[in-house]
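One structure is given below, encoded as structure tokens.
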Amino acid sequence: MSTETTASVSTHILDTSIGRPAEGVAISLTARSGSAAEWVALGGSKTDADGRCKDLPALPEGTTHVRLDFETEAYFLSKHSHNKQAEAQQDAPRVRDSGAFFPEVAITFAVVPGEHFHVPLLLNPFGYSVYRGS
């Protein structure tokens, strides 16, 4: 949780191609304190069955920028074999190549002390959208 001197971050992923949470996506968290500072890896986690990542590391005091790296390629590769059967049963477009046009998604954003930043990722094999949630 955030305090007056630190911010906090949470995220979740919805796979909009199937209308369900994206389970098992690896996420890494890095932070820096100032635009010219080096990025520091803080750790990571994987999304749970609800697409949520509840155990991201805390941000150090003085953090001004955060980057969430979502490893989407492995997620779509694991879903690719499951999707073949579903696609054969309907007129859905075939998933091509690795199953993801974006093999990874990196979201960088600014934070301020004392605030919580929830950053949902809406994901499909050929696009994504992100926003500051609540």
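The values are calculated or read from the model by the stated rules, or taken from the named source; none is laboratory data. For clarity, every value in this text was computed on a predicted model and none was experimentally measured. All Cβ positions, glycine included, derive from the backbone under ideal geometry; neighbour counts span all protein chains shown. Just the protein is used for accessible areas: all its heavy atoms, side chains included, with ligands, DNA and RNA removed. Shrake-Rupley method; radii C 1.70, N 1.55, O 1.52, S 1.80 Å.
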Exercise. In whole Hz, what ³J(HN,Hα) sequence does the range 54-68 give by Karplus (6.51, -1.76, 1.60; θ = phi - 60°), x for Gly and Pro?
Worked result: 8, 10, 5, x, 5, 7, x, 4, x, 5, 10, 9, 10, 10, 9
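Given the Cα atoms of the range 1-45, and with Rh set as the inverse mean 1/r over their pairs in the Kirkwood sense, what is Rg to Rh to two decimals? Intermediate values should be presented prior to the final figure.
Working: Rg = 14.4 Å, Rh = 13.1 Å.
Ratio of gyration radius to Kirkwood radius: 1.10.
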Problem set entry | HN-Hα J in Hz across the range 4-13 - Karplus 6.51, -1.76, 1.60, θ = phi - 60°, x for Gly and Pro | 5, 10, 9, 9, 9, 9, 9, 8, 8, 10
Exercise. Based on the mean of other beta carbon atoms within 10 Å per residue, what is the order of 28-40, 115-127, most packed first?
Worked result: 115-127, 28-40
Problem set entry | Listed residues Ser129, Ser8 arranged by accessible area, highest first, probe 1.4 Å | Ser129, Ser8
For this session: Express the carbon and sulfur contribution to the solvent-accessible surface of the range 9-82 as a percent, rounded to the nearest whole number, probe 1.4 angstrom.
Result: 50 percent
